[in-house]
């Protein structure tokens, strides 16, 4: 993929605005805008925050719902970062749900990505699925994964 590019939005004093993101993404900005518009259809809100451990602004895709007792519940569906000319979506899936992903209508490329992804450490029982996007090409696959992640409660 595009791993030799550098991550942007590194200054804690400069909050990510649509203009700053558009300048960073260049040709990929139209896809980013379409991605944001589709998030609303999935009841996912994107919240930006500067993380000192990674020294960058990251977008956190949050799905909120009411629990059985009426309390507000929240799950992080994905993380978004801005890079030179593309944006990166990372979805952390619980290791115990890996096999369930193979029953979803995903293409062979994504299924291979699931198969190849390694669990993070010994204590964290998650594995990452990382998509580097500069077009709408993988949106359908990503939204299937979002729906799956939202169903894990």
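The values are calculated or read from the model by the stated rules, or taken from the named source; none is laboratory data. Since this is a predicted model, take the numbers as computed values, not measurements. Neighbour counts run over all protein chains shown; Cβ positions are idealised from the backbone, glycine included.
Data overview
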{"read-out": "Residue that is touching a helix residue (DSSP H, G or I) at 6+ places or on another chain (Cβ under 7 Å) and modelled with pLDDT of 95 or more, where the choices are 62, 80, 46", "value": "46"}
{"read-out": "Residue in segment 73-92 that is within 27 Å of residue 28 (Cβ to Cβ) and assigned to a loop (DSSP other than H, G, I, E, B) present", "value": "yes"}
{"read-out": "Unmet requirement for residue 23, which otherwise passes all of (1) part of a helix (DSSP H, G or I); (2) free of Cβ contacts under 8 Å to residues at least 24 places away in the same chain; (3) surrounded by 13 or more Cβ atoms within 10 Å (Cβ to Cβ)", "value": "(3)"}
{"read-out": "Residues located in segment 94-133, provided they are in contact (Cβ under 8 Å) with a residue 40 or more places away in the chain and in a loop (DSSP other than H, G, I, E, B)", "value": "104"}
{"read-out": "Of all residues making up segment 26-43, the number that are surrounded by fewer than 11 Cβ atoms within 10 Å (Cβ to Cβ) and either touching a helix residue (DSSP H, G or I) at 6+ places or on another chain (Cβ under 8 Å) or touching a residue at least 60 places away in the same chain (Cβ under 8 Å) (or both)", "value": "1"}
{"read-out": "When residues of segment 134-151 are limited to those that are assigned to a helix (DSSP H, G or I) and in contact with a strand residue (DSSP E or B) (Cβ under 7 Å, 6 or more places away or on another chain), the one surrounded by the fewest Cβ atoms within 10 Å (Cβ to Cβ)", "value": "150"}
{"read-out": "Sole exception among (1) more than 16 Å from the chain's Cα centre (by Cα); (2) without any contact (Cβ under 8 Å) to a residue 60 or more places away in the chain; (3) under 29 Å from residue 152 (Cα atoms) for residue 73, by number", "value": "(2)"}
